[in-house]
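Report on one structure; see the data block that follows.
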Amino acid sequence: MNSGRFVFSVHGLLSLLAGVWLAGCSRAADTPAPAGAPPPPAVTVAQPVQREVVEWDEYTGRLDAAETVEIRARVSGYLDKVLFEAGRKVQKGDLLFVIDQRPYRAEVEQAQATLEQAGARLALAKSELERARRLFSTHVLPEEQLDVRSRELQEAEAAVRADGAALELARLNREFTEIRAPINGRISRELVTPGNLINGGGNEATLLAVLVSIDPIYAYIDADERSVLKYRRLAREGKRESARFVHIPVEMALADEHGFPHQGYIDYVEPRLDPNTGTVRARAVFANADDQLSAGFFVRVRVPGSGKYPALLVTERAVSIDQGQQYLMVVNDRHIVEYRPVQLGADIDGLRVIKSGIEAGDWIIVNGLQRARPGAPVTPQRTTMTEFVAQAAASHASTSAGN
């Protein structure tokens, strides 16, 4: 019996002490600090940014020319002239190479003469046929001779057509001795110098140079299977359009660029997944009027990974982590710090989406976290989230420049 009373007394004493401690904390929080005590620490607070956002998926891609042409000879001969500067821009129709034309001029003249001979034979065959018809009409010439003259005229007409085609081919070969740019673009160095014998036509045609187009330019990216399935699910739910049916806007950055300054769109998606890599290749198109993009560059490309939705965003500097749990410090109306576990979302233009844990009107501590303790008073200094981010970026840039 005495033991039971003793246990009860201990529990009662602990409850009494806890009540006294809580009452003391409440009075300490509600009453001003005594004279001479330091004021609550100053912290910078800002409300989260509210706006509609789109989550972006980032990929590494490689640029490639929209058009690439291997300049090869169509006819054989000795290379006579190279009429461009290596690495320069050329326009469609510009003369690039000239093959020795003398043999081909001679072939044209020979074909022209052969055609004239065939024309003379054709004229003779026509007159012979007319004479044979008159003699046949007076029963002087037998019918067999009339048929012979008729066949001779047909053969003469066929010879004229054949020799005419031969003349056209000879003229084409002479024209092919002048190799012109088939597209606008930038040309490589000459791979053969004047004086060398080059082969023309067929698989053995000599490669003379390579010409690549400049504007527009393509960027190829590979999306993994999970991402592709996500995009198709969003399209099925009406939250995002499919790149298989419409042009999807995308953004791109070079290796030394911040942000994604280049705007383009996806114009093609391969119809099948590559079983070797488990990815689907897509092609994006970007303007390149200033010729700053070159085939072969590695680039970062970001693609919309969601539809638009309203979100609350805060700076990454405000987010802390403790044993795997992300949290924010919030200052309430009584200037007391509150601990708020949060669930983070995507990174949007340097701000982090907060999926849960805060409300639009909360004042988030963005600077001075090391001086803030949950349940303790602070002196909040209000700013806007965007202004704080801009000032932090400017301060970082100034510090970097000084170093």
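The values are calculated or read from the model by the stated rules, or taken from the named source; none is laboratory data. None of the values given here were measured: they were computed from a predicted structure. When we count neighbours, we look across all protein chains shown, and the Cβ atoms used for this are built from the backbone with ideal geometry, even at glycine.
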Considering Gln391, Gln325, which residue is surrounded by 12 or more Cβ atoms within 10 Å (Cβ to Cβ) and of a type in the set (S, T, N, Q)?
Gln391
Report every pair of residues separated by at least 6 positions or lying on different chains whose Cβ atoms are under 9 Å apart, first residue within the stretch 357-383 and of a type in the set (Gly, Ala, Ser) and surrounded by fewer than 17 Cβ atoms within 10 Å (Cβ to Cβ), second at pLDDT below 90 and not in a loop (DSSP other than H, G, I, E, B).
Gly375/Cys25; Gly375/Ala29; Ala376/Ala29
Take the residues in the stretch 269-293 that are closer than 15 Å to Leu229 by Cβ and hydrophobic (A, V, I, L, M, F, W, C), then tell me which one is surrounded by the most Cβ atoms within 10 Å (Cβ to Cβ).
Ala282
Can Met329 be described as of a type outside the set (Gly, Ala, Ser), at pLDDT 90 or above, within 20 Å of Leu351 (Cα to Cα) and in contact with a Ser or Thr (Cβ under 9 Å, 6 or more places away or on another chain)?
yes
I'd like to verify a number: residues in the stretch 97-125 that are free of Cβ contacts under 8 Å to residues at least 40 places away in the same chain and surrounded by 15 or more Cβ atoms within 10 Å (Cβ to Cβ), how many?
4
Any hit, the stretch 307-315, residues being modelled with pLDDT under 95 and in contact with a helix residue (DSSP H, G or I) (Cβ under 6 Å, 6 or more places away or on another chain)
yes
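For residues that are over 30 Å from Phe298 (Cα atoms) and among the acidic types (Asp, Glu), scanning just the stretch 64-118, find the one that is modelled with the lowest pLDDT.
Glu116
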If the Cβ limit is 6 Å and pairs must be 6+ apart or interchain, which residue in the stretch 234-245 that is in contact (Cβ under 8 Å) with a residue 60 or more places away in the chain pairs with which residue that is assigned to a loop (DSSP other than H, G, I, E, B)?
Leu234/Arg240; Lys239/Gly307; Arg240/Gly307
Based on what the data block shows, is Asp349 assigned by TED's automatic domain parsing to the domain that holds Thr386, surrounded by fewer than 16 Cβ atoms within 10 Å (Cβ to Cβ) and either polar (S, T, N, Q) or within 29 Å of His258 (Cβ to Cβ) (or both)?
yes
